[in-house]
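Structure, as structure tokens:
The values are calculated or read from the model by the stated rules, or taken from the named source; none is laboratory data. Everything quoted here is computed from the prediction, not taken from an experiment. For neighbour counting, all protein chains shown are included, and Cβ atoms are generated from backbone atoms with ideal geometry for every residue, glycine included.
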């Protein structure tokens, strides 16, 4: 039987399904029994009557969790002509409120993002945060786009506010929660911050991502002194917290620099190499820790040599005996006689060849030029004119991508994209091809700025223009989408205070049955909403197989989707359709025009959804 096409997204259902897979016994007659779950997890359960527990709590935390779990109310509208090389790119720039956009993307990009970088408001007291009273409502968001009052897109968060930290935490929590859902199992997120909220940010990330998935904090020298006076020391440091979704993530090494290559000061027929002692050093490397790595090796004097520390205790070698024999056979073991206090003793070393050697990144990044250079670089793109304050250095972002084990065609995300520095960095990568999704609020520029004067009315306009100019030089491209209300009439929000009294509500309900789609909806708008509801990514292949009927496929989705907004199938030739039982077919119910036999035929051939 044909089904009604309804909003497919449900955060709550997804979570309940995960619990059902882990604890099926806790579901009784389709209802989740919390007491049964407590019995199943035993000692790991917390008594809800106990109010004291370790963690970060604030006024509004429950609301922040609720906001994260609430379904989106809108969709994305493609904006052809606003990007560059749109037919040959998988890079995406989205103009919208990032929490709502993350929810819209969630079904299609669940566990598909390799790396996320964000540079959110730092909560210095002068920053603005997004007004999450409208983050759940695309209709409300669109009404307020362009306003500059406290009821508009942004609200101030002064330190004088009694909920100064709480407001910022409530703002960050749901976005970080949604970001985790989007990360691949071996994915990683970097969050730039200063010391105003560094501690609090780490606490909520420990809760969301797990303390065991904290991978360190990058300390970056900005070259710009922030703060002045004699009440607090000025800071020239910026931080980036690193968290992964699971333990599967591994960092990549960085390319060697000239100063690093100097230590490879030996050479043989295999190339340049350095020597490292075969004996483990340090008190934690004792024989009892790895007994199989304590064995004798034969010196050039035919004497047995054991891994004995200078202090006399038994250490161990760096490898097993079988591995040592293999290295010896391949000529990668070298002996040297070291003389101490007139006594010569043989020391054994392993050769480490340069080859494609890399080095691990440390947490101190003081070798990348700071914010002043980033500003100069951005100004140069715009012919020497300053349009944006405090952009992130492109070299900093390129290094983040390079250490994140990002491979060709992996997807990275920045949902506070600002001037689009992350997209710029992805464009400039030489060793790999990386696709990106950037999300930026259409925040209105101050009317007194150069940007506003020159026609860049919104921050998102600056980001798009930057990508256009870089694209023209590097032959790259991107597509543009904007957050918008649903194309489907009956999915529209109705607010009596704004839309009229109760009789108008009944009129709207009646129209919903007569008019399936909003006025002015074009085919591509409708297709975009359907593919997102069905869990297909924005870059899915679309082919018009029959006039007005589009076939949608993508490797991430195990079935084929057919979409059409035809109002009638009267003159449609279905001969070219090769429908399978697993295929989904989404169309308007009125397209069958009372032809129940045709409707039944479709329903027998595939999964039919009607609007």
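Regarding residue 564, is this residue modelled with pLDDT of 95 or more and surrounded by 13 or more Cβ atoms within 10 Å (Cβ to Cβ)?
Working: modelled with pLDDT of 95 or more: yes; surrounded by 13 or more Cβ atoms within 10 Å (Cβ to Cβ): yes.
Here the answer is yes, as residue 564 does meet what is asked.
Any residue at all in the stretch 319-327 that's surrounded by 13 or more Cβ atoms within 10 Å (Cβ to Cβ), in the same structural domain as residue 270 (by TED's automatic domain parsing) and assigned to a loop (DSSP other than H, G, I, E, B)? Yes - at least one qualifying residue is present in the stretch 319-327.
Among 73, 89, which is modelled with pLDDT under 90 and within 23 Å of residue 416 (Cα to Cα)? Even if it seems obvious, please write down each step before you answer.
Details: 89 fails: modelled with pLDDT under 90.
From the options 73, 89, the qualifying one is 73.
Among the numbered conditions (1) at pLDDT 95 or above; (2) assigned to a loop (DSSP other than H, G, I, E, B); (3) outside the structural domain of residue 589 (by TED's automatic domain parsing), the only one that residue 494 does not meet is (1). The listed residues are 236, 304, and the only one of them that is in the same structural domain as residue 391 (by TED's automatic domain parsing) and out of contact with any helix residue (DSSP H, G or I) (no Cβ under 9 Å at 6 or more places or on another chain) turns out to be 236. Taking the criterion of being free of Cβ contacts under 8 Å to residues at least 60 places away in the same chain, in contact with a helix residue (DSSP H, G or I) (Cβ under 8 Å, 6 or more places away or on another chain) and either under 22 Å from residue 90 (Cα atoms) or not in a loop (DSSP other than H, G, I, E, B) (or both), the residues of the stretch 537-570 that qualify are 540, 542, 550, 552, 557, 561, 563, 564.
Yes/no matrix, rows are residues, columns are (1) assigned to a loop (DSSP other than H, G, I, E, B); (2) assigned by TED's automatic domain parsing to the domain that holds residue 109; (3) buried (at least 19 other Cβ atoms within 10 Å of the Cβ):
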| residue | (1), (2), (3) |
| --- | --- |
| 176 | no, yes, yes |
| 212 | no, yes, no |
| 220 | no, yes, yes |
| 232 | yes, yes, no |
| 243 | no, yes, yes |
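Out of the stretch 523-536, which residues are assigned to a helix (DSSP H, G or I) and touching a helix residue (DSSP H, G or I) at 6+ places or on another chain (Cβ under 6 Å)?
Scanning the stretch 523-536 gives a single hit, 532.
Which of the residues spanning the stretch 347-366 are more than 22 Å from residue 264 (Cα to Cα) and surrounded by fewer than 16 Cβ atoms within 10 Å (Cβ to Cβ)?
Within the stretch 347-366, the first condition is being more than 22 Å from residue 264 (Cα to Cα), and the residues that meet it are 363-366.
Listed by number, the residues that qualify are 363, 364, 366.
May I ask you to verify whether residue 224 is under 30 Å from residue 65 (Cβ atoms) and surrounded by 14 or more Cβ atoms within 10 Å (Cβ to Cβ)? Taking the combined requirement at face value, the residue does not satisfy it.
Any residue that is in the same structural domain as residue 62 (by TED's automatic domain parsing), part of a helix (DSSP H, G or I), within 23 Å of the chain's Cα centre (by Cα) and buried (at least 16 other Cβ atoms within 10 Å of the Cβ) - is there at least one of those in the stretch 181-188?
Among the residues of the stretch 181-188, at least one is in the same structural domain as residue 62 (by TED's automatic domain parsing), part of a helix (DSSP H, G or I), within 23 Å of the chain's Cα centre (by Cα) and buried (at least 16 other Cβ atoms within 10 Å of the Cβ), which makes the answer yes.
Here the condition is being closer than 24 Å to residue 325 by Cα, modelled with pLDDT of 85 or more and in a strand (DSSP E or B); of 295, 273, 239, it holds for 273 alone. When the residues of the stretch 298-318 are filtered to those that are in a loop (DSSP other than H, G, I, E, B) and touching a residue at least 40 places away in the same chain (Cβ under 8 Å), the one that is surrounded by the most Cβ atoms within 10 Å (Cβ to Cβ) is 318. Restricting attention to the stretch 25-48, does a residue exist that is loosely packed, with under 15 Cβ neighbours inside 10 Å, over 30 Å from residue 609 (Cα atoms) and at pLDDT 85 or above? No, the stretch 25-48 contains no residue that is loosely packed, with under 15 Cβ neighbours inside 10 Å, over 30 Å from residue 609 (Cα atoms) and at pLDDT 85 or above.
Does the stretch 499-521 contain any residue that is in a helix (DSSP H, G or I), within 30 Å of residue 444 (Cα to Cα) and either modelled with pLDDT under 95 or outside the structural domain of residue 92 (by TED's automatic domain parsing) (or both)? Give the derivation first.
Of the stretch 499-521, the ones in a helix (DSSP H, G or I) are 499, 502-514.
Add one more test, that the residue is within 30 Å of residue 444 (Cα to Cα), and what stays is 499.
Okay, now just the ones that are also either modelled with pLDDT under 95 or outside the structural domain of residue 92 (by TED's automatic domain parsing) (or both), so 499.
The answer is yes, given that some residue of the stretch 499-521 is in a helix (DSSP H, G or I), within 30 Å of residue 444 (Cα to Cα) and either modelled with pLDDT under 95 or outside the structural domain of residue 92 (by TED's automatic domain parsing) (or both).
Within the stretch 459-469, if we keep just the residues that are buried (at least 20 other Cβ atoms within 10 Å of the Cβ) and touching a helix residue (DSSP H, G or I) at 6+ places or on another chain (Cβ under 7 Å), the residue that is nearest to residue 386 (Cα to Cα) turns out to be 462.
Taking the criterion of being closer than 21 Å to residue 361 by Cα and in contact with a helix residue (DSSP H, G or I) (Cβ under 9 Å, 6 or more places away or on another chain), the residues of the stretch 251-301 that qualify are 251, 252, 253, 254, 255. Checked against (1) assigned to a loop (DSSP other than H, G, I, E, B); (2) modelled with pLDDT of 95 or more; (3) in contact with a strand residue (DSSP E or B) (Cβ under 7 Å, 6 or more places away or on another chain), residue 573 passes all but a single condition, namely (2). Can you tell which of 290, 280 is within 42 Å of the chain's Cα centre (by Cα) and either farther than 19 Å from residue 351 by Cβ or outside the structural domain of residue 352 (by TED's automatic domain parsing) (or both)? Exactly one residue qualifies, and that residue is 290.
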